[in-house]
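Read the structure below first, then the notes.
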C-alpha cells in the first residue's frame, strides 16, 4: 500500500470496518455429522443438513454442542452486519471504491453464466438420482441439453444406480431402511426384476450401493445388518453364489468400486480405532483388507479412473479434491477447498469428472488444476453411461 493509499479516507475506513467484521466471526467447523431418528447420516455443511447413505452409529459423529450453537448465533449476527459495515460510502468525483477480492469457494455461483459442455461429451449420458416431491428416483440425463428421462416410479426410494459394462442394464437399490433390495433393469428403465429369487441367499438382505464388476458377471454391495453395521458381499449377476468379503467388524463401510482388473474392490472404511474414514482395498479372492490412504483425517467421496490407474477423492488433509495413482502414490491437490465427500465419477474417456456437492452438479476437466466448472442440471450420484465399444 502506498502512502497516498494510507491517507485516503475511503481506504482507511474500509480497513477499519473489515477489521471489526473479522473480529466478530468466530471459527466454526466447516462440517459435522449427526444421525437423525431414522438412523440415516446427516452431513451438516454451513448449517444445512444433506441426507446421505444409511449411517453406521459412530460416537464421533455426535458432535453437536451448546458451544457450536452459540458460535453459529454469533456468526449469524456478524454476517448480517457485513453488508452494512462493508458498504462503500457515497462515492463522488475522485472517490472510487475498490471491492475486496473474493475468497476461494468450494462451490460454483449458480447465478454466473455457466461454461458449456464440450462438444466431445454431448453424445454422453449420465445416470443420476433425484428427489422430486419427496420421491427419490433414477433418471437419464443426456449431456446434449435435452430433457431428463425418468426411469423409475416406485413410491419407495430408487437409488444407488450403477451401469453394466456395456451400458445395456442398470443395477440399483429399491426400498427404505431395513427393506432395501437389489434390482436390475434395462438401460431405458424397462424389464425391471429383483436380483435373485425368493430362495436365493440375498432375498431378505437389506442391500444397497451395488457395483458391477468389469466383466459384468458379479455385483458387490453393502449389506446392512441388525446391529446397523455393514458387510461387503459379492454375488453373481444371476443372484447365485453370494459370499461375504468383509464382516461387521467396522462401524462404517460404504461405496464399493471395482478395480479395473476385477481382482480387488475399493471402498470407504471406518478403521474403528482412530475414528476416521479411510479408503481401503479388499482382495476379492482372500478378503484381505489393505488401507491405501495416509491422511490423519477422512478421505472419502472417491472414484477410480476407467483404466484403473488413477483415483480422485476428497481429503481432510489439505481439503478439496485430490488425484493420485490408484495405489495413492503421487497424490496432488486438484480442485477446491471443500473437506467432505460428495459423489464423483469419471467420464469414459478418463478426462472429465462429475462432482455433486449439495444442490449442484459440476463437470470438471482433470487436465487442468483448479478447473472452471461446467454447471449441469443439479442431481445426485452421477454415473457415466459406458460408451459403445467400436
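Taken together, the values in this text are just the output of simple stated rules run on the coordinates, not laboratory data. Just so it is clear, the structure is predicted and the values come from calculations on it, not from any experiment. As a convention, Cβ positions derive from the backbone with ideal geometry for all residues, glycine included, and neighbour counts pool all protein chains shown.
If packing is taken as the mean number of other Cβ atoms within 10 Å per residue, what is the order of 137-149, 350-362, 185-197, highest first?
Taking the mean over residues of other Cβ atoms within 10 Å, the ranking is 350-362, 137-149, 185-197.
If we sort 243-249, 117-123, 203-209 on the protection proxy, mean other Cβ atoms within 10 Å, highest first, what's the order?
203-209, 243-249, 117-123
Let me see the P(r) profile for segment 119-384: every Cα-Cα distance counted, bins of 5 Å, each bin given as a percent of all pairs.
Going from the shortest bin to the longest, the percentages are 1, 6, 13, 18, 20, 18, 14, 8, 3, 0, 0.
Per residue and in Å³, how big is the convex hull formed by the alpha-carbon atoms of segment 116-211?
Enclosed volume per residue, from the Cα hull, is 112 Å³.
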